[in-house]
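The structure appears right after this line, and notes come after that.
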Amino acid sequence: MVLRGNSGAGKTTVALRVRSHLGRTCALVQQDVIRRTILKERDIPDGANIGLISHVTRYALDHGYNVIIEGILHAERYAYMLAELADDHRAVLASAAFSSTSRRPSSAGTPVSDALLSRECHPRG
């Protein structure tokens with residue numbers, strides 16, 4: 001699953017709730033952790049983080065994990081890598097629309113319901 005969208009859209013909140021629902025079967029690959037923390041890299045075209053996100057994701061998928069990739073993931077920089085992952089592995093892409101991003105601060109902290117997760121999220125089988 002790929003959760004991408006503007007800053008403040010709720011991507012991390014949703015990713016953490018989905019991961020909590022799936023438990024130990026789910027790996028969370030966060031663009032900010034890889035780019036900022038591990039590599040101390042700016043979000044630049046052809047940045048090293050793009051390949052590292054792909055490698056970490058593939059490694060987890062190859063070892064039987066469900067994977068959530070979460071981040072802003074600008075299309076002009078990340079689309080090719082994400083398309084390759086989708087071609088090679090079953091993938092779901094969720095993008096936060098600008099309208100939901102602009103509404104997010106007033107609804108920050110609103111939990112994702114267990115009913116929604118049960119209905120929408122299914123572990124790899």
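Some points to look at:
- Residues of the range 7-17 satisfying the condition of being in contact (Cβ under 8 Å) with a residue 40 or more places away in the chain and either within 22 Å of H74 (Cβ to Cβ) or surrounded by fewer than 16 Cβ atoms within 10 Å (Cβ to Cβ) (or both): S7, G8, A9, G10, K11, T12, T13, V14, A15
- Subset tally (residues that are surrounded by fewer than 17 Cβ atoms within 10 Å (Cβ to Cβ) and not in a helix (DSSP H, G or I)) for the range 52-67: 2
- When residues in the range 22-32 are screened for being within 19 Å of D43 (Cβ to Cβ), of a type outside the set (D, E, K, R) and assigned to a helix (DSSP H, G or I), 1 of them pass.
Here's the yes/no breakdown for (1) without any contact (Cβ under 8 Å) to a residue 40 or more places away in the chain; (2) of a type in the set (D, E); (3) buried (at least 19 other Cβ atoms within 10 Å of the Cβ):
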residue: V2; (1), (2), (3): no, no, yes
residue: G5; (1), (2), (3): no, no, yes
residue: R24; (1), (2), (3): yes, no, no
residue: I34; (1), (2), (3): yes, no, yes
residue: E41; (1), (2), (3): yes, yes, no
residue: I50; (1), (2), (3): yes, no, yes
residue: I69; (1), (2), (3): no, no, yes
residue: E76; (1), (2), (3): yes, yes, no
residue: L82; (1), (2), (3): no, no, yes
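- Exactly one residue out of R19, R90 is modelled with pLDDT under 95, in a loop (DSSP other than H, G, I, E, B) and either basic (K, R) or within 14 Å of M1 (Cα to Cα) (or both), and it is R90.
The values are calculated or read from the model by the stated rules, or taken from the named source; none is laboratory data. All values derive from a computational prediction rather than experimental measurement. Every residue, glycine among them, receives a Cβ derived from its backbone with ideal geometry; neighbour counts consider all protein chains shown.
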